[in-house]
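One structure is given here, and the rest of the page talks about it.
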Amino acid sequence: MDRYRVIPGTAVDLGSLDPADTSAFSNGKSAAKTRLKALNDRMEALQELLFAEGRHKVLIVLQATDAGGKDGTIRHVFEGVNPQGVKVASFKKPTSRELGHDYLWRIHAHTPQTGQITIFNRSHYEDVLVVRVHSLVDRATWSRRYDHINDFERMLTDEGTTIIKFFLHISKDEQAARLRARLATPHKQWKFASGDLAERERWTDYQAAFENMLSRTSTDWAPWYVVPADRKWYRNLVISEVMIAALESLDMSFPPPQEGLEGIEIT
Ligand code: AMP
Ligand code: MG
């Protein structure tokens with residue numbers, strides 16, 4: 001899965017990366033689903049170990065355009081994982097209270113504690129994405145944020161957090177298809193926001209903002225992965241594989257049992 005990791009310091013050109021790529025898994029969709037099931041079981045076991053060991057914290061960041069698949073990713077990649085061990089923090093338009101603080105204030109409050117996995121559905125990166133595209137602050141202000149963010153993430157990793165960031169890369173055509181499906185399907189209509197169409201008109205600006213984000217904030221301590229996400233099954237598989245590999249590399253073990261368990265009889 002290393003092919004999707006953004007090497008720190010390299011410029012990302014999203015136009016040259018195929019959102020419909022499925023090259024790392026050539027056995028097709030149905031075999032992929034079987035594989036995903038096995039990975040889900042592994043994820044469940046690793047999450048339990050993470051919790052039992054209580055030494056590490058794991059932060060997953062998801063960013064994408066509207067209809068990019070963030071919600072679906074959370075549903076499928078964490079299927080079967082004990083809900084007590086995983087938290088999801090979704091970041092919306094900041095409230096006036098949040099706006100009264102620096103932009104990382106509301107983020108920091110949701111970072112994981114030991115033994116926990118937290119998934120950010122949108123994140124502090126909105127402050128160099130939507131905020132930049134809509135000029136909600138001036139250029140000098142958002143430009144400084146890449147460095148702030150790298151330093152913030154460095155601090156979190158120094159303090160024992162593992163950070164993995166996924167950018168779900170979909171094509172403009174795929175976004176159109178998904179938005180159309182939201183409009184046409186009664187149980188999906190609640191997800192349709194007419195504002196999404198205004199955002200879609202700024203597609204090129206967003207792609208530029210995503211490219212800058214990826215180039216400036218993929219670091220050795222908190223790497224970005226650009227996940228081909230037009231095919232949902234492939235997106236799920238790539239993210240699962242990356243996460244499992246990261247959890248495996250933590251080299252965790254269950255804490256030793258308390259002494260003298262052999263002699264205990266339950267009456
Ligand atoms: P959704 O994820 O579809 O519920 O939409 C959440 C909306 O909140 C998106 O339009 C985001 O761009 C917006 N949002 C999230 N964070 C920020 C932020 N820091 N500043 C402005 N808008 C934001
Ligand atoms: Mg939305």
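The values are calculated or read from the model by the stated rules, or taken from the named source; none is laboratory data. Note that the coordinates shown come from a computational prediction; the quantities given were computed from them, not determined experimentally. As a convention, Cβ positions derive from the backbone with ideal geometry for all residues, glycine included, and neighbour counts pool all protein chains shown. These area figures cover heavy atoms from the full protein model, side chains too; ligands, DNA and RNA do not enter into them. Shrake-Rupley method; radii C 1.70, N 1.55, O 1.52, S 1.80 Å.
Computed over the stretch 131-184, the quotient of the alpha carbon radius of gyration and 2.2 N^0.38 Å is 1.70.
Calculated FRET efficiency, Trp221 to Ala181, Cβ-Cβ distance, R0 = 35 Å: about 0.40 to the nearest 0.05.
For the stretch 226-267, state which GluC sites (Glu not before Pro) are in a DSSP loop and have at most 14 other beta carbons lying within 10 Å of their beta carbon.
Here the GluC sites (Glu not before Pro) that fit, given the DSSP loop and packing criteria, are Glu259, Glu265.
Judged by the ratio a/c of the largest to the smallest principal axis of the C-alpha gyration tensor, the stretch 10-69 counts as oblate, that ratio being 1.5 or greater while a/b is no larger than b/c. If the segment from Ser30 to His110 were pulled out straight at 0.36 nm per residue, it would be longer than the present Cα-Cα gap by 25.2 nm. Residues considered: Asn27, Asn150, Asn236. Largest GNM mean-square fluctuation over the chain, using C-alpha springs under 10 Å, is found at Asn27. The equivalent ellipsoid of the stretch 2-250 has semi-axes of 26, 24, 18 Å, largest first, where each one is the square root of 5 times an eigenvalue of the Cα gyration tensor.
Relative to the longest principal axis of the Cα atoms of the chain, helix 172-184 runs at roughly 80 degrees. DSSP bridge analysis restricted to the chain gives an antiparallel fraction near 5%, rounded to the nearest 5. Per-residue accessible area (protein heavy atoms, 1.4 Å probe) orders Met213, Met252 as Met252, Met213, starting from the largest. Relative to the longest principal axis of the Cα atoms of the chain, helix 139-158 runs at roughly 10 degrees. Simple point charges give the picture: +1 on the Cβ of Lys and Arg, -1 on the Cβ of Asp and Glu, and for the stretch 2-250 a dipole about the Cα centre of about 780 debye.
At full extension, Thr10 and Ala45 could sit 9.1 nm farther apart than now, given 0.36 nm per residue minus the alpha carbon distance. Once you place label points 7 Å from the Cα toward the Cβ at Leu250 and Ala38, how far apart are they in nm? Once both label points are built, they end up 2.3 nm from each other. Phi angles across the stretch 93-102 convert, under the Karplus curve 6.51 cos²θ - 1.76 cosθ + 1.60 with θ = phi - 60°, into 3J(HN,Hα) values of 3, x, 6, 5, 5, 5, 5, x, 10, 5 Hz, Gly and Pro given as x.
Classification of the stretch 152-210 by its C-alpha gyration tensor yields a prolate form. The axis ratio a/c (a ≥ b ≥ c) is 1.5 or more, and a/b outweighs b/c. Spin-label model, Ala193/Asp151: points 7 Å from Cα along the beta carbon direction are separated by 3.1 nm. Could you tell me whether the stretch 114-260 comes out rounded, prolate or oblate from its Cα gyration tensor? Rule is a ≥ b ≥ c as square roots of the eigenvalues, rounded for a/c under 1.5, then prolate if a/b exceeds b/c, otherwise oblate. In terms of gyration-tensor shape, oblate.
Between His101 and Gln258, the simple label model (points 7 Å from Cα in the Cβ direction) yields a spacing of 3.7 nm.
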